[in-house]
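The values are calculated or read from the model by the stated rules, or taken from the named source; none is laboratory data. Quick caveat, the model's predicted, so the values are computed rather than measured. Virtual Cβ from ideal backbone geometry, glycine too; neighbours counted across all protein chains shown.
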Number of protein chains: 2
Amino acid sequence: MIAPLPQRAPGQRLARGVTRHLLERGFASLCEYVPARGLRVDVIALGPKGEVWVVECKSSRADFTADRKWQGYLEWCDRYFWAVAADFPQDLLPEDTGLILADDYGAEVIRMAPETPLAPSRRKALTRDFARQAALRLQHAQDGSCQVGA
Amino acid sequence: MIAPLPQRAPGQRLARGVTRHLLERGFASLCEYVPARGLRVDVIALGPKGEVWVVECKSSRADFTADRKWQGYLEWCDRYFWAVAADFPQDLLPEDTGLILADDYGAEVIRMAPETPLAPSRRKALTRDFARQAALRLQHAQDGSCQVGA
């Protein structure tokens, strides 16, 4: 189900390093999560106190400049980060967002994102949906012949 | 990671049928979930509106009578069910609990469990923990070399 590392897209490889680092911080991550129709975030992570972080992984200048949707992700998290490799031109990235340096194996938070707390109702709905999506994917991974569509 | 069907314990085979049926009802399931120290439920499931169901799978009379903890599970769900195979002696089971008939491939709710809604604070904490556990297990399944211990 999961492609070997060299066959994965650059953004997916960054996401792997990011999720490993987030795990060290006590955050459980879900990749390619759809918070609302038309939006898909690379990594969403849920912290021990219910904190929601979103991380967009950008592999190149072109990858960043083609992204017209990222501002729409801000309202779906408490903190928003970019994750890039060491050779990415960091001055492209807005200063009032978080910055993570990542590779295939790990990552480091270079600039903590400012906190803009979710409204309680949205946090509740988002946490519930995160829970259901994660469990459905796990069930699909473990029992591939059952239909995941709930 | 997942044993072939014939090698799984009878309770795990019932759980497979149960989780498939719950999926048809729109519930995302997690098996062998620990809601609190010393408690482990066979199946916990989260419905589209945030409903929490717990299902204990019993493969035999002995399996049922050895269970000294099930009443402790009631306070961790909105509805509580037993899941058994067709040849299980159903008159053993308390009448004020739900009843599901299950096999390896599916299940059916024979008696709906009464509803005893969770307090909002417990539902919130339980949903968050469900979310984190499901995502951590998924991450472990997909990226086995990372440490899951958050």
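Miscellaneous remarks
- Residue match in the stretch A:97-116 (condition: closer than 25 Å to residue A:38 by Cα, free of Cβ contacts under 8 Å to residues at least 24 places away in the same chain and surrounded by fewer than 15 Cβ atoms within 10 Å (Cβ to Cβ)): no
- Residue check: residue B:87 meets all listed conditions (1) closer than 22 Å to residue B:8 by Cβ; (2) free of Cβ contacts under 8 Å to residues at least 24 places away in the same chain; (3) within 18 Å of the chain's Cα centre (by Cα) but one, namely (3).
- Of all positions in the stretch A:110-120, none carries a residue that is within 30 Å of residue B:126 (Cβ to Cβ), of a type in the set (Gly, Ala, Ser) and within 14 Å of another protein chain (Cβ to nearest Cβ).
- Selected residue (criterion: surrounded by the fewest Cβ atoms within 10 Å (Cβ to Cβ)) from residues of the stretch B:46-82 that are under 11 Å from the mean Cα position of the chain (by Cα) and hydroxyl-bearing (Ser, Thr, Tyr): B:73
- Among all positions in the stretch B:8-20, there is at least one residue which is exposed (fewer than 14 other Cβ atoms within 10 Å of the Cβ), touching a Ser or Thr at 6+ places or on another chain (Cβ under 8 Å) and either at pLDDT 95 or above or under 20 Å from residue B:59 (Cβ atoms) (or both).
- Just one residue in the set B:18, B:43 is under 20 Å from residue A:141 (Cβ atoms), in contact (Cβ under 8 Å) with a residue 12 or more places away in the chain, out of contact with any helix residue (DSSP H, G or I) (no Cβ under 7 Å at 6 or more places or on another chain) and more than 9 Å from chain A (Cβ to nearest Cβ); that residue is B:18.
- Of the residues screened, residue A:43 is one that is touching a Cys at 6+ places or on another chain (Cβ under 7 Å) and either buried (at least 17 other Cβ atoms within 10 Å of the Cβ) or part of a strand (DSSP E or B) (or both).
- Residue match in the stretch A:95-117 (condition: part of a helix (DSSP H, G or I) and touching a helix residue (DSSP H, G or I) at 6+ places or on another chain (Cβ under 9 Å)): no
- Candidate set: the stretch A:31-40, residues that are of a type in the set (A, V, I, L, M, F, W, C) and either surrounded by fewer than 22 Cβ atoms within 10 Å (Cβ to Cβ) or more than 10 Å from chain B (Cβ to nearest Cβ) (or both); chosen: the one farthest from residue A:136 (Cα to Cα): A:39
- Test: residue A:102 is within 14 Å of chain B (Cβ to nearest Cβ), modelled with pLDDT of 95 or more and farther than 25 Å from residue A:3 by Cα: no
- Every condition in (1) surrounded by 17 or more Cβ atoms within 10 Å (Cβ to Cβ); (2) over 23 Å from residue B:132 (Cα atoms); (3) at pLDDT below 95 holds for residue A:85 except the one numbered (3).
- Some residue of the stretch A:78-94 being in a strand (DSSP E or B) and among the hydroxyl-bearing types (Ser, Thr, Tyr): yes
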